[in-house]
Amino acid sequence: MNAPAQIAQNYVNIGTNKTKLPLVKMFILSIFAGAFIAIAGVGATTAAVSIASPSVAKLVGACIFPAGLALSLIAGSELFTGNCLIVIPLLERKVTLAAMLKNWIVVYLGNFVGALFISTLVVYSHTFDLFGAKLAASAVATADLKCSLSFADAFLRGIMCNILVCLGVWMAFAADDVAGKIIGLFFPVMIFVLCGFEHCIANMYYISAGIMANNMYALGAANLSLTNFLLGNLLPVTLGNIAGGALIGIGYWFAYLKK
């Protein structure tokens, strides 16, 4: 097992290499990550939708969703929320602010493309017809709830989410084998989903799928609009995710790397 100090040192190189990827490769790997997170979202909703107890349904879905981060880390991809840890090589002066921001922007856009690709496939393949279209109703209800959050609530839930996601990434880097990595990331990600915290890349899938399903199945959700999606949810959640990830990165840099 890699000790926390070793993880911090290793991430200096990992994060630096992320900023040096050619733009086309960075974008393609980002599309993969957005798709992986979206696929986990589909699985989590499908597993939970027919369970009568809301708390049990939430727990079951939360146990499925870590597959998204597992796919992202092990299969190989670039995930925006995990890449918030690039603040570590930035503080070590191994990358420039411009290089970090370029990575964030390209990866964020690629993640969006991947998430939209999966949400389009899922909706227009009529996967949401499952269980008498209860899956469609659940997807729309989830998206509607996310779009009804206040800016402050979405921002704060975004902070909490990416604290846990980045801790999951950090713990995965403690292991050298696939099983250890999955075990390491599982519980932080499960907790963020269970508690209803907000992940911007997951929401790219959940809300876009909800908007499309709302139109296809004529469910009449009140809060689903492009404005509420992009400005009401995605903007504050993204800012919160950056803040939460930066808190972890800065904290561990200070504890293990600052001279």
Accessible area of the chain belonging to carbon and sulfur atoms, whole % at 1.4 Å probe: 72 percent
For the chain, the dipole about the Cα centre with charges only on Cβ (Lys and Arg +1, Asp and Glu -1), to the nearest 20 debye, works out at 600 debye
Relative to the first principal axis of the alpha-carbon coordinates of the chain, what is the inclination of helix 130-147, with its axis defined by its Cα atoms, in degrees from 0 to 90 and to the nearest 10? 60 degrees
Below 8 Å, C-alpha to C-alpha, sequence gap of six or more: please give me the relative contact order for the chain in percent. 29 percent
Along the Cα→Cβ direction, 7 angstrom out, place labels at Gln6 and Leu97. What is the inter-label distance in nm? 3.5 nm
Using the Kirkwood radius over Cα pairs of the stretch 72-180, the Stokes-Einstein translational diffusion coefficient at 25 °C and 0.890 mPa s, in µm²/s and rounded to a whole number, is 146 µm²/s
Any idea what % of Cα-Cα pairs in the stretch 21-71 are farther than 12 Å? 64 percent
To the nearest 10 degrees, how steep is helix 151-172 against the longest Cα principal axis of the chain, on a 0 to 90 scale? 60 degrees
Sorted by packing (mean other beta-carbon atoms within 10 Å per residue), highest first, where do 191-201, 90-100, 23-33, 114-124 land? 191-201, 114-124, 23-33, 90-100
Cα pairs beyond 33 Å in the chain, in percent, come to 16 percent
At a Förster radius of 30 Å, what calculated FRET efficiency corresponds to the Cβ-Cβ distance of Ser225 and Ser53, to the nearest 0.05? 0.45
Semi-axes, largest first, in whole Å: what does sqrt of 5 times each Cα gyration tensor eigenvalue give for the stretch 115-259? 32, 19, 11
Separation in nanometres of the label points that stand 7 Å from Cα toward Cβ, at Leu109 and Leu23: 0.7 nm
With a point put 7 Å past each Cα toward its Cβ, work out how far Met216 is from Ile74 in nm, to one decimal. 2.9 nm
Rg/Rh over Cα atoms for the stretch 158-227, Kirkwood Rh, comes to 1.16
Which order do the peptides 105-111, 208-214 take when ranked by the mean count of other beta-carbon atoms within 10 Å per residue, highest first? 208-214, 105-111
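The values are calculated or read from the model by the stated rules, or taken from the named source; none is laboratory data. Treat the numbers as computed from the prediction; the structure is a model and nothing was measured. Every residue, glycine as well, gets a Cβ built from its backbone with ideal geometry; the counts of neighbours run over all protein chains shown. We work out accessible area using only protein heavy atoms, side chains counted, and drop any ligands, DNA or RNA first. Shrake-Rupley method; radii C 1.70, N 1.55, O 1.52, S 1.80 Å.
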